[in-house]
1. Among (1) assigned to a helix (DSSP H, G or I); (2) within 17 Å of LEU137 (Cβ to Cβ); (3) more than 16 Å from ligand 1 (Cβ to nearest atom); (4) under 21 Å from the mean Cα position of the chain (by Cα), there is one condition ALA181 misses while meeting the rest; what is its number?
2. With (1) without any contact (Cβ under 8 Å) to a residue 60 or more places away in the chain; (2) under 12 Å from the mean Cα position of the chain (by Cα); (3) within 12 Å of ligand 1 (Cβ to nearest atom) as the list, and GLU254 as the residue in question, which single condition is left unmet?
3. Under 6 Å between Cβ atoms, which residue pairs at least 6 apart in sequence (or on different chains) link something in region 77-97 that is closer than 24 Å to THR138 by Cβ with a partner that is among the charged types (D, E, K, R) and outside any helix (DSSP H, G or I)?
4. Please count how many residues of region 80-107 are surrounded by fewer than 20 Cβ atoms within 10 Å (Cβ to Cβ) and either under 30 Å from VAL69 (Cα atoms) or in contact with a helix residue (DSSP H, G or I) (Cβ under 8 Å, 6 or more places away or on another chain) (or both).
5. What helices (runs of 4 or more DSSP H) completely inside region 275-359 contain at least 3 residues that are over 19 Å from GLU110 (Cβ atoms)?
6. Is region 124-142 home to any residue that is surrounded by fewer than 21 Cβ atoms within 10 Å (Cβ to Cβ), of a type in the set (Phe, Trp, Tyr) and assigned to a loop (DSSP other than H, G, I, E, B)?
7. It is to be established whether one or more residues within region 191-198 are in a helix (DSSP H, G or I), closer than 16 Å to GLY139 by Cβ and either at pLDDT 95 or above or within 16 Å of ligand 1 (Cβ to nearest atom) (or both).
8. Any idea which residue in region 257-303 is surrounded by the fewest Cβ atoms within 10 Å (Cβ to Cβ), counting only those that are without any contact (Cβ under 8 Å) to a residue 40 or more places away in the chain and not polar (S, T, N, Q)?
Amino acid sequence: MDLKIAVLAGDGIGPEIMEQGVAVCSAVAEKFGHKVSYKEALCGAHAIDEVGDPFPEDTFQTCMEADAVLFASVGDPKFDNNPSAKVRPEQGLLAMRKKLGLYANIRPVETFECLIHKSPLKDEMVRGADFICIRELTGGMYFGKKQEPTINADGVEEALDTNYYTRPEVERILRVGYQYARQRRKHLTVVDKANVLASSRLWRKVAQEIMTEYPDVETDFMYVDNAAMRMIQDPRFFDVMVTENTFGDILTDEGSVITGSMGLLPSASTGEHTPVFEPIHGSWPQGKGLNIANPLAQILSVAMLYEYFDLKAEGQLIREAVNASLDANVRTPEIQVEGGEKYGTKEVGQWIVDYIKNK
Ligand code: IPM
Ligand code: MN
């Protein structure tokens, strides 16, 4: 297969982990006889500094012309504490999602046996947890009508975000959820706040209609506050969870820490145009340039990329190599066992590349 990949390394540790992701991608391509070409493009803080736009038109074109986008992370502390900054790196990510029509964000939450002790939950609660959160990504409060803080007629400062959803937006994301549920344990949980929010009542109404088309899948409904609790008390309950943009953002961060594998979780965003594959962790500016960032989530994002194109053996080989590196204790500092040798970003990536080559 011929694959054109747009490479958006972004900020912080992004470029370092991306280097390893690309190396693994190439090693797999060589092994299986695929032709992969890469085109780098600017995004995030980096792009603001260079061209004044966190998702420049050139980058958008590069993404549109590619078969897939491999994305690392964006963000820079110089923007975080400045609420009045006119442009922010995160706007680049949001613009990318919107312009590429990436309405479905697939975030697997899974455990790695050798990292279970890193979970803040008791081992026996979390062992075997394995679910997918499908987060709606181009609607809701993130994109609804906004008003930045302003003084109103009564002299009081006010601001507004609108949680707006349409039936087609809700319907298409639910259908993505059902497709995943059918390939898994056939259990779908719709997470909303229908006891309070009108937008959630739309979600529930649409879901109650659509569920009748998928009688082979067991559907249940859960309020988001309850879901947050259930994820901690009994994460194995979930198989596929579908939820709106804001709830999905919050719940997937929770999901990534309960497994103890924050640095290991990849994601895929799919929809109307080129799909994007990216780690769910952020740009970790403090780790930048130190060769200590864990490249595994980026490398597993490459596995998701291959799997998206139905290249299952390719994805599987990457997963096998990642597991082998963990078993061999070739690990970055934050997951190394006490007394074990600490490997750098580059060394972990190289070990995985060698494993693939020698397989
Ligand atoms: C994520 C991130 C983004 C989000 C930020 C960086 C805009 O937290 O992908 O979850 O909130 O969607
Ligand atoms: Mn987030």
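1. (2)
2. GLU254 satisfies every listed condition except (2).
3. Pairs that qualify, where the first residue is closer than 24 Å to THR138 by Cβ and the partner is among the charged types (D, E, K, R) and outside any helix (DSSP H, G or I), are PHE79/ARG88; PRO89/ASP76.
4. 14
5. 345-358
6. no
7. yes
8. Once the filter is applied, the top-ranked residue is LEU290.
The values are calculated or read from the model by the stated rules, or taken from the named source; none is laboratory data. This structure is a prediction, so every number in the text was calculated from the model and none was measured. Don't worry about glycine lacking a Cβ; one is built from the backbone with ideal geometry, like all the others, and counts go over all protein chains shown.
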